[in-house]
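Report on one structure; see the data block that follows.
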Amino acid sequence: MNWLNVFTISKDVHWVGVRDWNRILFDALIPLPMGTSYNSYLIIGEKKNALIDTVNPGFEKELEGKIRKLIDPSDLDYIVMNHAEPDHAGAIPHLMSINSKAVLVTNTRGAKMAKTYFGVPDDRILIISDQDTIDLGGKTLRFIEAPMLHWPETIFTYLHEDKILFPCDFFGSHIAKGVYDEDFDDLLVHAQRYFGEIMMPFKSAARRALAKIKDLDISIIAPSHGPIHRNTQRIVRAYGGWANGETRRKATVVYVTMWKSTEKMIKPFIEALMSEGVEVSLHDLVSSDVGDIVKDLVDSRAIVLGAPTVLNGMHPLAFYAAYLVKALRPPTKFGAFLSSYGWGGGAKKQFQDMLGNSGIDVVGSIEINGPPSEEDIEQIVGLSKTLALKIME
Ligand code: FEO
């Protein structure tokens, strides 16, 4: 297993994670155009050794081999489970089977999950609380409760002497390649996409966590997906904006069209928006990547949905998009809906029912029969200009 790559991020702190180059979906939902990584970190203290998070099921032997390049896995004293989701905790049973002394470090909620998902017995769990510490000998771990980032049990681990924050999912990105943030000019684009997919529904929890770590002296942020941040202020600032729901003068426009009538409504709508100075991101639901749509929703002030009626309701792709908008709770303030039907409407009513209590102010909905007439286009442009005024306020 000499081919296995490990690297040192600080003295006696080593990356022993794995890269999942070929994974195409996360949670059977989120496309991963750049794969992902499962970062695991080995900290070698003067008295004790600790592993921060493990890796996805299927990579247990690779993780074991990497640890073995640095220490005998039976010399691990602590396995810190920042988060119980299997992409980070899935190798815990294997490590505990080849090591008879290591204890799993987690909080009360994590302990229950570790027993349920991974069969970890009580006598091999060390339950910690917020701000508890463990001394490894010259390396001190501090645990920071950060619930809902992204499950209820989530904690961050801070390595005091090296000023390294291990926040697991938080500050992550789904990228298999690269090591540090300097490797990517466009890292914030990937991080924004990841924030939208994973963190956006939990913006208030993100704000609480950011407030908690505000006064921590952090030199390195080592998340459990994607590159390690050495320019820590850049990602912390970006997260501050996203978590606070800061939006741009921007509209995300998503649509699906069957016989081009809805598309003929969308085109004048976006032209009118842009003529008023609104930034527009357009996504055809047939070919778009849902992660790209979600990335745009992170900082869009408005969402425009275009959908024909199919069997008395929205086209299923648009129904899915509307559901995602509701579930992911973007900071979007305004909305509009455009629809064409062939022989019977219903999409507009379904849209209003779905997003009625979402907190999005639906500025207007237009539902027409067949392709838009000149009068319809005038109405569509009028609605677009009304929406643009709201966005530009
Ligand atoms: Fe990367 Fe919530 O697991």
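The values are calculated or read from the model by the stated rules, or taken from the named source; none is laboratory data. Predicted model only: the values in this text are computed from it and were never measured. Positions of Cβ are backbone-derived with ideal geometry, glycine not excepted, and every protein chain shown enters the neighbour counts.
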Which pairs have Cβ atoms under 7 Å, sit 6 or more apart or on different chains, and link a residue in the range 64-92 that is more than 21 Å from P121 (Cβ to Cβ) and assigned by TED's automatic domain parsing to the domain that holds L104 to one that is away from the ligand (no atom under 16 Å from the Cβ) and assigned to a helix (DSSP H, G or I)?
I67/P73
Looking at K295, K264, K260, can you tell me which residue is within 17 Å of the chain's Cα centre (by Cα) and assigned by TED's automatic domain parsing to the domain that holds P371?
K295
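Results for (1) more than 26 Å from L297 (Cα to Cα); (2) charged (D, E, K, R); (3) over 16 Å from the mean Cα position of the chain (by Cα), shown as yes or no for each residue.
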| site | (1), (2), (3) |
| --- | --- |
| F171 | no, no, no |
| Y180 | yes, no, yes |
| D185 | no, yes, yes |
| H190 | no, no, no |
Of the residues Y255, Y194, Y239, Y180, which is surrounded by fewer than 17 Cβ atoms within 10 Å (Cβ to Cβ) and either within 16 Å of the ligand (Cβ to nearest atom) or at pLDDT 95 or above (or both)?
Y180
Going by what's in this entry, would I144 be described as within 13 Å of the ligand (Cβ to nearest atom), crowded, with 18+ Cβ neighbours inside 10 Å and within 16 Å of M81 (Cβ to Cβ)?
no
Selected residue [more than 16 Å from the ligand (Cβ to nearest atom) and either β-branched (V, I, T) or surrounded by 15 or more Cβ atoms within 10 Å (Cβ to Cβ) (or both)] from T232, T157
T232
Among residues of the range 103-144 being more than 20 Å from L42 (Cβ to Cβ) and charged (D, E, K, R), the residue farthest from the chain's Cα centre (by Cα) is D123
Within the range 210-228, can you find the residues that are under 14 Å from W15 (Cα atoms) and more than 16 Å from the ligand (Cβ to nearest atom)?
I220
Taking the conditions exactly as written (within 22 Å of the chain's Cα centre (by Cα), under 15 Å from A111 (Cα atoms) and within 16 Å of the ligand (Cβ to nearest atom)), does V55 satisfy them or not?
no
Checking the structure you have, find out if any residue of the range 286-299 is free of Cβ contacts under 8 Å to residues at least 24 places away in the same chain, farther than 21 Å from V381 by Cβ and either surrounded by fewer than 16 Cβ atoms within 10 Å (Cβ to Cβ) or charged (D, E, K, R) (or both).
yes
Requiring at least 1 residues that are in contact with a Phe, Trp or Tyr (Cβ under 6 Å, 6 or more places away or on another chain), the strands (runs of 3 or more DSSP E) wholly within the range 228-318 are 300-306
